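A short worksheet on the structure shown next.
The values are calculated or read from the model by the stated rules, or taken from the named source; none is laboratory data. Bear in mind that the values here come from a model prediction, so they are computed numbers and not experimental data. Glycine gets a Cβ as well: all are built from the backbone with ideal geometry, and neighbour counts include every protein chain shown.
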Amino acid sequence: MTFPARSVRFPLLALVLVACGADDGGGAGGTTQASTGPTSGASSTTVGTDSVGGSGSTTAPGTGSGTTGDGTTVGGTTDGGTTGGGGGGPTFLCDDPPWKDGDFATVYEVGPGKPLATPSDVPWESLTAGTLVKIFPRPEPYRDKWVIAGTGTEEAPIVVLGVADGGTLPVISGDGATTRPELDYWNEPRSIVKIGGASTPASDDPAHIVVACLEIRDARPGLSFTDDAGSMQTYADNAAAIHVEQGRNVTIAGNELHRAGNGLFAGSGSTNLRIVGNWIHDNGNPGSIYEHNSYTESRGIVFEYNHYGPLCDGCAGNNLKDRSSGTVIRYNWIEDGNRQLDLVETDDADIAADPAYGETFVYGNVLVEGDGEGNSQIVHYGGDGGDTSLYRAGTLYFYFNTVVSTRSGNTTLVRLSTEVERIEANDNIVFVTAGGDRLGITTGTGTAVLTDNWLPQGWVPSHDTLTGSVMDAGNLEGTDPGFVDGAGQDFRLAPDSACRDAAGPLPAATAAYPVTRQYVVHQGGENRPDDGAPDLGAFEAR
């Protein structure tokens, strides 16, 4: 799909010079083209795959954080730790990604005039650390599906990269797709591209894997494919464009994921996922509440710089549904789902036992609730199953977000599932076009503490019976927050906006998650200006 006005930009992960395999005769730092497609070299400059975070002092990804030339924090986390922290990294275009041929021991090129004609010609069953698979655009979609289960390293990841051409990403369609027969993996009806969960390649530790800059689409009931045994199958209701069944330090970046049951699905075998700079839209199934634009459950996950668009027509799922520990949602644009954020409980014991399970950080986002969307709640936090002992039972830190609802009826900012869930809402702009009395803060349960937000005059604690508490700790109120062009979705602040220079201090728990970046329309980010007097909402005026 071509989208020239939608240059795909996402944070550049820290670069580190490392050795990547033995010299095979290609020369130090050089590459040679093999007859079967790979190229090889002796040394590598590679991009780490850990989530941004931590507060260390080294630039090595996965061990802490460092600084780039513009002072932006870049880093990662240890394999078992929580992701997040820091402020995000500098962005880059899919047209000029940081992964270069000479950075890898092995390179496969796929496409017209390349050594390999289709993705099914790639030996997915034997990918090793330090492998780059480059897929070039062609006029017709590729109709291939596969699994990635190799083990990369911080220094030598496994990267599957679409080579963008003037804003056009290579298209991978699941409709009529064929699985390479050398592969052997289960749950084929649930994905086009799968990470982890295979007999061939056999791997108990898929790790340091990147899938970037691909348009992946068409995995819904009624569409068929040929599996690895040569048999025809149809996709399941919950089929995903990308399914991460198992993997640690996995990055999904700069992709367009659409026309699937779930655009992205990640199971509880995942650790440290980074979902960055993707366009995820038009997923779900008509009449169903069970499939979503993304549906994830991981020990550590960061969403940043993504554009979540509406689900498909008649599809009642949520935009971003998550059951993870260590959830960080920052600098995204999320619009027109049943709920924009559905942050509920895990059923995995390891995730539930993670100390990070009880704290969720949502900051610097634009959340847009359109008129006619199925649910009036913008955010849900806690749980949705029968066992409340597994609910998050913690605190949602919600700050520097811009929330806009154009519903003609009531809007509720957050549903807190039980009395023990809590939201600390600071320095946000929450605007409803229908009038202030149409905004309720909660559905009645839990504790909401509102501090230094802009709220419409006439807002109410709840449209339901209030059994919990909604505490007004001092907020601005008015009839217009002063957007540059609210009707045109330009939610930057006009010069006379009361939201300028109006932010107050944040809770101490947010110190590891500072707001140093802001979203760029679309799928991008930039340093947030700092004049010493922060503005409310997702955008700082210049």
Where residue 402 falls short, out of the listed (1) in contact with a Lys or Arg (Cβ under 8 Å, 6 or more places away or on another chain); (2) touching a residue at least 40 places away in the same chain (Cβ under 8 Å)
(1)
Filtering the range 240-295 down to residues that are among the hydroxyl-bearing types (Ser, Thr, Tyr) and surrounded by fewer than 24 Cβ atoms within 10 Å (Cβ to Cβ) yields 268, 288, 290
Within the range 224-239, take every residue that is closer than 19 Å to residue 120 by Cα, out of contact with any helix residue (DSSP H, G or I) (no Cβ under 8 Å at 6 or more places or on another chain) and not small (Gly, Ala, Ser) and give me the one that is surrounded by the fewest Cβ atoms within 10 Å (Cβ to Cβ).
232
For the range 59-131, give me every one of the strands (runs of 3 or more DSSP E) that falls completely inside it and has 3 or more residues that are at pLDDT 90 or above.
106-110
Residue list for the range 328-363, filter: crowded, with 23+ Cβ neighbours inside 10 Å, closer than 17 Å to residue 264 by Cβ and either free of Cβ contacts under 8 Å to residues at least 40 places away in the same chain or of a type in the set (A, V, I, L, M, F, W, C) (or both):
328, 329, 333, 334, 340, 341, 343
Expected single match for touching a helix residue (DSSP H, G or I) at 6+ places or on another chain (Cβ under 7 Å), without any contact (Cβ under 8 Å) to a residue 60 or more places away in the chain and of a type in the set (A, V, I, L, M) among 449, 414, 432 is 432
Pick from the range 167-219 the residues that are farther than 13 Å from residue 242 by Cα and acidic (Asp, Glu): which of them is surrounded by the fewest Cβ atoms within 10 Å (Cβ to Cβ)?
204
Residues in the range 349-379 that are within 30 Å of residue 492 (Cβ to Cβ), of a type in the set (Ser, Thr, Tyr) and not in a loop (DSSP other than H, G, I, E, B) total 2
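Residues checked against (1) buried (at least 23 other Cβ atoms within 10 Å of the Cβ); (2) of a type in the set (Val, Ile, Thr); (3) touching a Cys at 6+ places or on another chain (Cβ under 9 Å):
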site: 436; (1), (2), (3): no, no, no
site: 445; (1), (2), (3): no, yes, no
site: 450; (1), (2), (3): yes, no, no
site: 458; (1), (2), (3): no, no, no
site: 462; (1), (2), (3): no, no, no
site: 473; (1), (2), (3): no, no, no
Is the range 167-186 home to any residue that is in a strand (DSSP E or B), in the same structural domain as residue 259 (by TED's automatic domain parsing) and of a type in the set (Lys, Arg)?
no
Does the range 453-468 contain any residue that is touching a Pro at 6+ places or on another chain (Cβ under 7 Å) and either of a type in the set (Asp, Glu) or without any contact (Cβ under 8 Å) to a residue 60 or more places away in the chain (or both)?
no
For residue 534, which of the numbered conditions (1) in a loop (DSSP other than H, G, I, E, B); (2) without any contact (Cβ under 8 Å) to a residue 60 or more places away in the chain; (3) not hydrophobic (A, V, I, L, M, F, W, C) fails to hold?
(2)
Those residues of the range 261-292 which are hydrophobic (A, V, I, L, M, F, W, C) and within 18 Å of residue 329 (Cβ to Cβ), in sequence order
264, 265, 266, 273, 275, 276, 279, 280
What are the residues in the range 310-324 that are buried (at least 24 other Cβ atoms within 10 Å of the Cβ) and either assigned to a loop (DSSP other than H, G, I, E, B) or over 18 Å from the mean Cα position of the chain (by Cα) (or both), if any?
311, 317, 318, 319, 323, 324
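I need the full set of residues from the range 224-245 which are assigned to a strand (DSSP E or B), within 21 Å of residue 280 (Cα to Cα) and of a type outside the set (A, V, I, L, M), in order please.
243, 245
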Sort through 327, 346 and tell me the only one that's in a loop (DSSP other than H, G, I, E, B), in contact with a strand residue (DSSP E or B) (Cβ under 9 Å, 6 or more places away or on another chain) and either more than 19 Å from residue 241 (Cβ to Cβ) or hydroxyl-bearing (Ser, Thr, Tyr) (or both).
346
Given (1) surrounded by fewer than 16 Cβ atoms within 10 Å (Cβ to Cβ); (2) over 24 Å from the mean Cα position of the chain (by Cα), number of the condition residue 481 does not satisfy
(1)
